[in-house]
1. Taking the condition in a helix (DSSP H, G or I) and surrounded by fewer than 10 Cβ atoms within 10 Å (Cβ to Cβ), does residue 232 pass?
2. Which condition number does residue 61 fail, the rest of (1) part of a helix (DSSP H, G or I); (2) surrounded by 12 or more Cβ atoms within 10 Å (Cβ to Cβ) being met?
3. Can you tell me how many residues in region 130-148 are open to solvent by less than 40 Å² (accessible area, probe 1.4 Å) and more than 19 Å from residue 88 (Cα to Cα)?
4. Residue pairs, Cβ under 8 Å, 6 or more apart or interchain, first in region 22-47 and on the phi < 0 side of the Ramachandran plot, second open to solvent by 50 Å² or more (accessible area, probe 1.4 Å) and among the β-branched types (Val, Ile, Thr). List them.
5. Could you pull out the residue among 240, 274, 304 that is open to solvent by 90 Å² or more (accessible area, probe 1.4 Å), at pLDDT 90 or above and either outside any strand (DSSP E or B) or not hydrophobic (A, V, I, L, M, F, W, C) (or both)?
6. Counting just the residues of region 208-229 that are of a type in the set (D, E, K, R) and outside any helix (DSSP H, G or I), which one comes out most open to solvent (accessible area, probe 1.4 Å)?
7. Just to be sure I understand, how many residues within region 83-104 are surrounded by fewer than 16 Cβ atoms within 10 Å (Cβ to Cβ) and touching a residue at least 60 places away in the same chain (Cβ under 8 Å)?
8. When you scan region 91-207 for strands (runs of 3 or more DSSP E) that lie fully inside it, which ones turn up with 3 or more residues that are among the β-branched types (Val, Ile, Thr)?
Amino acid sequence: MKRLVDVTKISHEEWLKYRKMGITGTDVGSIVGMNPYKSALQVFLDKTTEDMECFDNESMRQGRDLEQYVCERFSEKTGKKVRRVNAICVNDDYPFMLADFDRVIVGERAGLECKTVSAYSSDKWKNGAIPLHYQLQIQHYLAVSGYDAWYIAALIFGKEFIVHKIERDEELIQNLITIEKRFWEQNVLTGVMPDPDGSKTADEVLAKYFPKKEGVSVLLPQYMEMQLRRREELVSLIGKLETEKKVIEQGVKKYLGESEATEAENENFFVRWKNVETSRVDVEKLRKEAPDVYECFKKTIYSKRLTIKSAA
């Protein structure tokens, strides 16, 4: 393991730039399709463009602010001392594998990953479980560091404090190295976008990566012919399923209406059918009656719309 850069001597923007130089622990789950919050396409976009991933929210802020507290609770619970590395580290043999460790354990070939978890996500940690993308993150750290084990400490707000020890899994590490190496060499370095995964974030990345512009018409390849035929089958099936779903919902509404009730429940289900009042701006009326106000506040948003029609 080598130290790529001392993070105490660089700005946050420089830190983000260094993370573009390889695959980090938080990228791994996305690359293998196991991160519910981020797709491989997002990782590809981050590594191949000048854009800085500066997204932040209250949950992320609290995670950073409480990291030291989680470390202190870990030491209190286990009796182990921890220290900062203050560096982005890199694997000796695979320079595209980067890691920014929360802490390492003093006197052990082990590290510590700190997590803060919403009470709404506590079910993902039940009965000794650890979310899979976190397990992959830790095995990535073990690959970079060469250490034997890693601890994960999770503060579940208002409920409990969990500590798990994850042993080095050599077979999994070798598989991760293969996957990361392929992604880095065949996608990032060549600029070849990985296949979409059907997620909402994949749509967002595709729209951003291929901006608004006029293009030419091209011939659809043969493999896409089969995919589009399958899409037609799925559209038909989804339509039938949506109709069946509507019939069930309308039956519930009919039952409640005839019962003169707004709610019903049994040991398995709860249903409610009641009036909901919402207020919206009548854009057409505003445009006609106050065109100056409309022009002042209107915003043009560019997007791409995919249209698919059968020739039959």
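The values are calculated or read from the model by the stated rules, or taken from the named source; none is laboratory data. Treat the numbers as computed from the prediction; the structure is a model and nothing was measured. Positions of Cβ are backbone-derived with ideal geometry, glycine not excepted, and every protein chain shown enters the neighbour counts. SASA here: full protein model, heavy atoms, side chains in, ligands and nucleic acids out. Shrake-Rupley method; radii C 1.70, N 1.55, O 1.52, S 1.80 Å.
1. Working: in a helix (DSSP H, G or I): yes; surrounded by fewer than 10 Cβ atoms within 10 Å (Cβ to Cβ): no.
No: the conditions fail for residue 232.
2. So residue 61 meets the others, but not (2).
3. First pass over region 130-148, keeping only residues open to solvent by less than 40 Å² (accessible area, probe 1.4 Å): 130-131, 133, 136-147.
Remaining after also requiring more than 19 Å from residue 88 (Cα to Cα): 130-131, 133.
Residues meeting the conditions: 3.
4. 31/179; 32/179
5. Numbers: 274 fails: at pLDDT 90 or above; 304 fails: at pLDDT 90 or above.
Unique residue meeting the criteria: 240.
6. Taking region 208-229 as the starting set, the residues that turn out to be of a type in the set (D, E, K, R) are 208, 212-214, 225, 229.
Adding the requirement that they be outside any helix (DSSP H, G or I) leaves 212-214.
Values: 212: 137, 213: 149, 214: 173 Å².
Among those residues, the one meeting the criterion is 214.
7. 3
8. Working: elements: 103-105, 110-117, 149-156, 160-167.
By residue number, 160-167.
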